[in-house]
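Report on one structure; see the data block that follows.
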Amino acid sequence: MDLAEYKAKELFAQGGLTVKKFVCGDSVEELLENMKTGGVSYPVVLKAQVLTGGRGKAGGIKIVENEAELLEKAPKIFGMDIKGHIVHKLMAIEAADIKREFYLSVILDRKEKSPTIIFSPAGGIDIETTAKEHPELIFKIPVHPFVGVNDYTANYLADKGGMTGDVKKQFAALLKKIYALFISNDLTLCEINPLAICENDELIAIDGKITVDDSAVKRHPDLQAYSEAQPMHPLTREARDFNFLYIPCDDTGNIAVMSNGSGMLMSCIDLITKAGMKVCSVLDLGGGATAERIAEAVRIMLSVPQSKALFINIFGGITRCDEVAGGIKLAIEKGHATRPVIIRFEGTNKSAGLEILSGLEGVTYVDGLREGVVELSKLDL
Ligand code: GDP
Ligand code: MN
């Protein structure tokens, strides 16, 4: 789960990092109201709260000196489309006087199999851009989880950033705090870009980007509450109640695909797309689905307005083919299977599954993925 900047900054503040005073609002009126109650004073930076970087370049970040300027600029940011993300929430944060910008993050590096610190003296710029144009300006240091952040690591990086004196001390303390945040909140990414030396030589987190390990969200009541409050596709939410993963795909597509495993879903999407058709949505059943749950999954997938057919691809391991077939039968009995269903399964209890399927109206069994794609194209949707 990715956190919006305001939520990331709340965590930063809890973790003892310095952030400027800020409030958010879902409208200009609410923002002004919250600025007054929150005691946020001008000049402030208005920042679009969308889950994408490069907001500055896109016009989603504006400094304003007073209320008149805010009233002029804020309405233009609300509703803005930044790389496909519509702005519904705006932050007003007291402006910092930036002297120098750095990049700092802690990530879970799967190659190193450990948390890893990434630091660059070139801050405020996409780390991908720096990696391409100035790889020599990126410093990566794996952190041994039993040891944590060493002073010599902090000093080494501070030197690379040309930090001295008190700033260097602040950096060492900050590095330990951000690492502690990373561990205690089960993060996979904790990024400050830019981290800036500001007025009074204070190190301040100007921007924040945090990704929480999805499997760990429920361990953190605060993050769980945040997650539940996020706008979500209604079918994604419904699917989640059954422990399915639903992902809307191409709005112009008309084929719904259901499988047990993301790799199988992706290969279905690839084959269907290669055959010139489009997938509107996919659903991952996970492991061990029962007939009742399969029937619900069929209902969810065929309630997608664009879906004209449902393609099901199952590897029968823990999930048994007869349960899946039973689920489709149940879906038909309940009136959920309103459109053609093409199904392929392989594995545990396949023959029992085939027996259940035989004679089910509107259901076509196929003996392979390619055969399934051929059947789909025959439907001429
Ligand atoms: P991003 O464009 O989505 O990464 O958003 P950032 O929060 O990183 O802001 C982009 C740029 O705006 C930063 O690199 C800064 O140069 C500038 N910026 C953001 N906040 C402030 C601020 O408080 N004071 C000043 N002077 N510049 C800021
Ligand atoms: Mn940034």
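The values are calculated or read from the model by the stated rules, or taken from the named source; none is laboratory data. On a predicted model such as this, the values are computed, not experimentally measured, just so you know. When we count neighbours, we look across all protein chains shown, and the Cβ atoms used for this are built from the backbone with ideal geometry, even at glycine. Protein only, heavy atoms only, side chains kept; ligands, DNA and RNA dropped before computing areas. Shrake-Rupley method; radii C 1.70, N 1.55, O 1.52, S 1.80 Å.
Annotations for the structure displayed:
- Nearest 10 degrees, 0 to 90: helix 369-378 Cα axis against the chain principal axis: 80 degrees
- The chain, helix-only ellipticity at 222 nm - DSSP H runs n ≥ 4, -39,500 (n - 2.57), divided by all residues, nearest 500: -11500 deg cm²/dmol
- In percent, rounded to a whole number, the relative contact order of the chain is 12, using alpha-carbon pairs under 8 Å and six or more apart.
- For region 127-179: rounded, prolate or oblate by the Cα gyration tensor [a/c cutoff 1.5]: oblate
- Alpha-carbon centroid distance for the pair region 66-114 / region 308-377, whole angstrom: 47 Å
- Site pair GLU112 and LEU245 shows an inter-label distance of 2.5 nm when each label is modelled 7 Å from Cα along Cα→Cβ.
- Each 20 Å bin from zero holds the following percent of Cα-Cα pairs in the chain: 24, 42, 29, 5, 0.
- Applying 1/(1 + (r/R0)^6) with R0 = 51 Å to the Cβ-Cβ distance of THR290 and GLU33 gives a FRET efficiency near 0.55.
- Prolate/oblate/rounded label for region 239-378 (Cα gyration tensor, a/c 1.5): rounded
- Pairwise Lys count, region 239-378 - Cα closer than 27 Å, eight or more residues apart or different chains: 14
- Rounded FRET efficiency, nearest 0.05, which uses the C-beta distance separating SER351 from MET80 and R0 of 45 Å: 0.20
- Taking the protein heavy atoms of region 239-378 in the context of the full set of protein chains, the accessible area attributed to carbon and sulfur is 54 percent at 1.4 Å.
- Rounded accessible area per residue of region 21-94, 1.4 Å, Å²: 50 Å²
- Region 21-94, accessible surface, carbon-and-sulfur percent (1.4 angstrom probe): 55 percent
- Acute angle (nearest 10 degrees) that the helix 151-160 long axis makes with the longest principal axis of the chain, alpha-carbon atoms: 80 degrees
- Cα-based helix-to-principal-axis angle, 67-77 vs the chain, degrees rounded to 10: 30 degrees
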